[in-house]
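Beneath this line is the structure, given in structure tokens, with notes to follow.
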Amino acid sequence: MRVFPWGFWLLCVASAPARGDSGSKARSCSEVRQLYGAKGFSLSGVPQAEISGEHLRICPQGYTCCTSEMEENFANKSQSEFEAMLKESGRSVQATLTAQHRSFDSYFQDLLNKSEKALYDAFPSMYGELYTQNVKVFKDLYSELRRYYRSSNINLEEALNEFWTRLLERLFKLLNPQYHITDEYLDCMVKHAEQHKPFGEVPRDLKVKATRAFIAARSYAQGFLVGSDVVKKVSQVSLSHECTRAIMKLMYCPHCRGMSSVRPCNNYCLNVVKGCLANQADLNTEWKYLMDSLIGVADRIDGPYNVDTVIGTIHMRIAEAISNLQENKDSITSKVFQGCGNPKISTKGSSSEDKRRRGKVTLEAKSSAQALEMLVLDAKGNLTALKTYWITLPSSLCSKKVMASSASDDKCWNGMTKGSYLPQVMGDGLANQINNPEVEVDITKPDMTIRQQIMQLKIMTNRLGNANIGNDVDFQDTSDDMSGSGSGDSCPDDVCGKRLSKSPSTRQPETNAIPKQSGHGVNGASSRSLPSASLLLLLSVAVIAAQHLWR
């Protein structure tokens, strides 16, 4: 009798259809039937035992418990479940950023509201008609400050200058009721105001400190909203067809293969998810810059810019300025008369002089510095934790959602059967997926939605970088960014809804290189200069236009 070589038998065994586990008897499909039904599908037509898998288009074509219809249903289910995982993870980041914005916004608005209320409570008794006849001037100031903080299209320095000009005109007339002072005379007086300094150094000092504090606070609040909006829009990006197939193979093919208890290999899962989220990972660099920039501005808010003291004591600085004008009324009036001439004597008398009061400033401000310190500390902790969100997302999804096995497991689902996974793990980002063994990725066609969001991150980082050094840039461009953001301030419509009529700003917006942001916020020197916001917006338009070419 002829004996066949051992090699022939080994070849026959190797070419025989695999069944997942050893054994010639077709195994039961009860586990897959239970899973399929639990996912909401009908069990009609679902095999009771394994069948031949030549009909499969995604899963390995060995013995299987899945029909073509089941494979298609599982593929659609895996896509929706994976997209839900992404959105859930994104919602967690959104919730963190939104909570930080809400906390700071509430603190800042409360600070401004308390200052305004303190002014309304104390000024009537302190200044009498000097206040009661000029209530609107003070209301308009706080209204403008709120509107600037909410990113309205105004120039903060102009708003402050306008306030002091209007206040001086009205107080000068009230302090000199015996004279008939015309509008032309007031114009002359205002021209000499800088020389005479009727309010002392308060206007200049407050303008410097308040503008830095408001610029930092506004950019800081915007940064959280922009970050949250970027995550929201990126989380809505659809999966590619190749990604959907790979996710199905990762999540449900082991069930079809009769290996429901076998978890996916960790490195296999990482390659699948990195291929699917290749474009998302490209957000990492600009995302880190944004987080670092927010941390840098947070240090300014609780440090050199002293937001708590500056904003919380605006009413006190105004009182100080008014008192300075009262105390130096005679010398200031004399200087104005010298420069503008003597006005005519009024025939109405000087009855208001008797009602005018000269109250000594006794206002006090309750410090909330500790509350701000805690807010900043909490924000910096959360921002630091979010820095690597986009590049750690694959490992987070694989370990917490897909429930992949440990990296050392050699009896895991590797996409074909139970065993070890040999291919190396790909790097992060689109360019590194050129040789991804699990997901076919066209690295020449970046996702346009994500590229647009990268541009938004750059623009916001540029604003924060300028805010960090006290520069207010592109204030005309920010009005749309936070519209509908729900700042939630409690000022009434008759206060916030009004706006002073102002001439266009003559101050040219400044654009500065952003200080070092890699790992150290924006406090150090930097070799990385970001373009101006205007240039970035032009680039954004170019990117959008290029979308049609790529298609």
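The values are calculated or read from the model by the stated rules, or taken from the named source; none is laboratory data. Keep in mind that what you see is a predicted model, and the values were worked out from it rather than measured. Ideal geometry is used to build each Cβ from the backbone, glycine not excepted, and the neighbour counts take in all protein chains shown. Remember, those area values only see protein heavy atoms, side chains included, never the ligands or the DNA or RNA. Shrake-Rupley method; radii C 1.70, N 1.55, O 1.52, S 1.80 Å.
When the residues of the range 140-154 are filtered to those that are surrounded by 22 or more Cβ atoms within 10 Å (Cβ to Cβ) and of a type in the set (S, T, N, Q), which remaining residue is farthest from Leu112 (Cα to Cα)?
Checking each candidate, the answer is Ser151.
Suppose the filter is at pLDDT 95 or above, under 27 Å from the mean Cα position of the chain (by Cα) and more than 22 Å from Asp410 (Cβ to Cβ); does Val226 pass it?
yes
Can you name the residue in the range 266-306 that is aromatic (Phe, Trp, Tyr) and assigned to a helix (DSSP H, G or I) and, of all such residues, is surrounded by the fewest Cβ atoms within 10 Å (Cβ to Cβ)? Can you show your working first?
Start the filter on the range 266-306 by keeping residues that are aromatic (Phe, Trp, Tyr), which leaves 268, 287, 289, 305.
With assigned to a helix (DSSP H, G or I) added as a condition, the list becomes 268, 287, 289.
Details: Tyr268: 28, Trp287: 26, Tyr289: 24.
Only one residue fits best here, namely Tyr289.
Any residue at all in the range 250-260 that's at positive phi, open to solvent by 20 Å² or more (accessible area, probe 1.4 Å) and touching a strand residue (DSSP E or B) at 6+ places or on another chain (Cβ under 9 Å)?
For the range 250-260, residues at positive phi, open to solvent by 20 Å² or more (accessible area, probe 1.4 Å) and touching a strand residue (DSSP E or B) at 6+ places or on another chain (Cβ under 9 Å): present.
Looking only at residues that are within 20 Å of Ile247 (Cα to Cα) and among the charged types (D, E, K, R) in the range 34-74, which one is surrounded by the most Cβ atoms within 10 Å (Cβ to Cβ)?
In this case the residue turns out to be Glu71.
If you take the residues in the range 177-195 that are open to solvent by less than 30 Å² (accessible area, probe 1.4 Å) and under 23 Å from Leu141 (Cβ atoms), which one is modelled with the highest pLDDT?
Among them, the one singled out is Leu186.
Being open to solvent by 60 Å² or more (accessible area, probe 1.4 Å) and either at pLDDT 95 or above or not aromatic (Phe, Trp, Tyr) (or both) narrows it down to one residue among Glu88, Glu116; which is it? Please lay out each step first, then the result.
Working: Glu116 fails: open to solvent by 60 Å² or more (accessible area, probe 1.4 Å).
One residue alone meets the criteria, Glu88.
Could you check the range 199-234 and list, in sequence order, the residues that are out of contact with any Ser or Thr (no Cβ under 7 Å at 6 or more places or on another chain), open to solvent by 20 Å² or more (accessible area, probe 1.4 Å) and closer than 22 Å to Asn279 by Cα?
Selection gives Val226, Asp229, Lys232.
For the range 407-419, enumerate the residues that are in a loop (DSSP other than H, G, I, E, B) and either open to solvent by 60 Å² or more (accessible area, probe 1.4 Å) or among the acidic types (Asp, Glu) (or both). Spell out the reasoning first.
We begin by selecting, within the range 407-419, every residue in a loop (DSSP other than H, G, I, E, B); these are 407-411, 414-417.
Across the range 407-419, the qualifying residues are Ala407, Ser408, Asp409, Asp410, Lys411, Met416.
So Ile58 fits all but one of (1) part of a helix (DSSP H, G or I); (2) modelled with pLDDT of 95 or more; what number is the exception?
All conditions are met except number (1).
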